[in-house]
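Notes to accompany the following structure.
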Amino acid sequence: MTGNCLNEGIMSTHGSTESPLLGVNIDHVATLRQARGIDFPDPTDIALLAEKAGADYITLHLREDRRHIQDFDVAHMHRRLTTYMNLEIAVTREMLDIAARVKPRDVCFVPEKRQELTTEGGLNVCEQKQRIGDACKELEDAGIRVSLFIDADPEQIDAAKEIGARTVEIHTGHYANAAAADKNSEANKLLSAFQYAKDLGLIVNAGHGLNYENVHPIAASSAVSEFNIGHSIISRALYVGIEKAVHDMKRILTEARQVSVR
Ligand code: PXP
């Protein structure tokens, strides 16, 4: 499981030696806890271990249905983290108020559907410019850095820029879930979107569905500043422990920047 797959057919991406930041998404520790309705395992404990192993920050998603992370996790973790928190929320009044109260360093706006297993697509910024723009401004005015989770679609990237977003997180799920025959074209779509957003002056992050096997080709893009990765790291932690799981992902991200992908 090295992730060192130098895929033929993926457009050239010259690595910069600077490693991208890794945000470890801790939601699924809470999924395990909620399955029993008790207080163990505690996502904050695991977040602290992830930080020790090299996580640059901790990401968590407070969903409207509270299926994994709970309000007390957000407050408790925010007090105890030694790095900082990236809080994923839907653009609702309730969530904006929670973010303004807790004041995480970063907030990522994501779309939410009640029935989905996980976040299925990016925000439709094009169709909600006013609402999302107002929400961005509200949290930015409160001193929180806001990013918008969007698909690798130039129209959505343009709309994010137009409403004054500073940061976008490009949804990598379509690439991650693509059949083998479509993998390279999905990777190229991502790489083009990363560069397009960066050239517009946006800070570019990426995440969703990334794992030890598929992250390398896209982590080679020096356009991306940060990767948010959860399910694969928490799953691997069951086999090797959270520290090694985080450490291995950090190493892959660092190595990806030290080579050029053909
Ligand atoms: N980025 C965003 C915006 C997400 O909603 C999620 C899932 O909560 C992730 C990254 C992490 O995805 P995964 O758990 O598949 O690595």
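Each reported figure results from applying straightforward, stated rules to the coordinates on display, with no laboratory input. Nothing here was measured: the structure is a model prediction, and the numbers come from that model. Backbone-built Cβ (ideal geometry, glycine too); neighbour counts: all protein chains shown.
Given Cβ point charges of +1 (Lys, Arg) and -1 (Asp, Glu) and nothing else, what value in debye, to the nearest 20, does the dipole of region 81-226 about its Cα centre take? Before the final figure, lay out each step's value.
Working: 15 positive and 23 negative charges, 67 e Å.
In total the dipole reaches around 320 debye.
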* Asked: What is the log10 of I(q)/I(0) for region 211-262, computed with the Debye formula using one identical point scatterer on each Cα and no solvent, at q = 0.12 Å⁻¹?
  -> -0.26
* Asked: Tell me, what ³J(HN,Hα) does each residue in region 184-189 have, in order and in whole Hz, if you take phi through Karplus 6.51 cos²θ - 1.76 cosθ + 1.60 with θ = phi - 60° and put x for Gly and Pro?
  -> 5, 5, 5, 5, 5, 4
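As an exercise, use a Förster radius of 45 Å and the Cβ-Cβ distance of R80 and Q130 to find the FRET efficiency, rounded to the nearest 0.05. Working shown, then result.
Numbers: r = 37 Å, r/R0 = 0.82.
Efficiency, rounded to the nearest 0.05: 0.75.
Could you compute Rg(Cα) / (2.2 N^0.38 Å) for region 46-101, with N its residue count?
In units of the globular-protein estimate, region 46-101 measures up at 1.14.
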* Asked: Over the Cα atoms of the chain, how large are the radius of gyration and the largest Cα-Cα distance (Dmax), in Å?
  -> 17.4, 49
* Asked: Among the listed pairs K161/K189; K189/K250; K113/K161; K137/K250; K129/K198; K137/K161, which are separated by more than 22 Å between their Cα atoms?
  -> K189/K250; K113/K161; K137/K250
* Asked: What residue among Y239, I229, Q258 has its Cα farthest toward the positive end of the dipole of region 156-262, where the charges are +1 on Lys, Arg and -1 on Asp, Glu, each on the Cβ?
  -> Q258
* Structure fact -> Answer in debye to the nearest 20: the dipole magnitude of the chain about its Cα centre, from +1 Lys/Arg and -1 Asp/Glu charges placed on Cβ, is 500
* Asked: Fully extended, how many nm does the chain gain between D158 and S185 (0.36 nm per residue separation, minus their Cα-Cα distance)?
  -> 7.6 nm
* What's the local net charge at S19, with K and R +1, D and E -1, over the other residues with C-beta under 10 Å away? -> 0
* Asked: Each residue of region 30-46 in turn: what ³J(HN,Hα) in whole Hz from Karplus with 6.51, -1.76, 1.60 and θ = phi - 60°, glycine and Pro shown as x?
  -> 5, 4, 5, 5, 5, 4, 10, x, 10, 10, 9, x, 9, x, 5, 4, 6
* the chain, helix-only ellipticity at 222 nm - DSSP H runs n ≥ 4, -39,500 (n - 2.57), divided by all residues, nearest 500 -> -13000 deg cm²/dmol
* If you build the Cα gyration tensor of region 141-197 and take the root of 5 times each eigenvalue, what three semi-axes come out, in whole angstrom, biggest first? -> 26, 11, 7
* Among A90, A100, G121, whose Cα sits farthest toward the positive end of the charge dipole of region 20-138 (+1 at Cβ of Lys/Arg, -1 at Cβ of Asp/Glu, about the Cα centre)? -> A100
* To do: Apply the Karplus parameterisation 6.51 cos²θ - 1.76 cosθ + 1.60, with θ equal to phi minus 60°, to every residue of region 82-94 and state each ³J(HN,Hα) to the nearest whole Hz, in sequence, with x for glycine and proline.
  => 9, 9, 7, 10, 10, 9, 8, 9, 7, 7, 10, 4, 4
* Whose amide H sits under 5 Å from the amide H of S147, counting only residues 5 or more places off or on another chain, with H placed in the peptide plane? -> V107, C108, F109
* To do: Between R36 and R93, take the C-beta separation as r, use R0 = 51 Å, and let me know the FRET efficiency to the nearest 0.05.
  => 0.95
* Nearest-20 debye value, region 194-262 charge dipole, Cβ charges on Lys, Arg, Asp, Glu -> 100
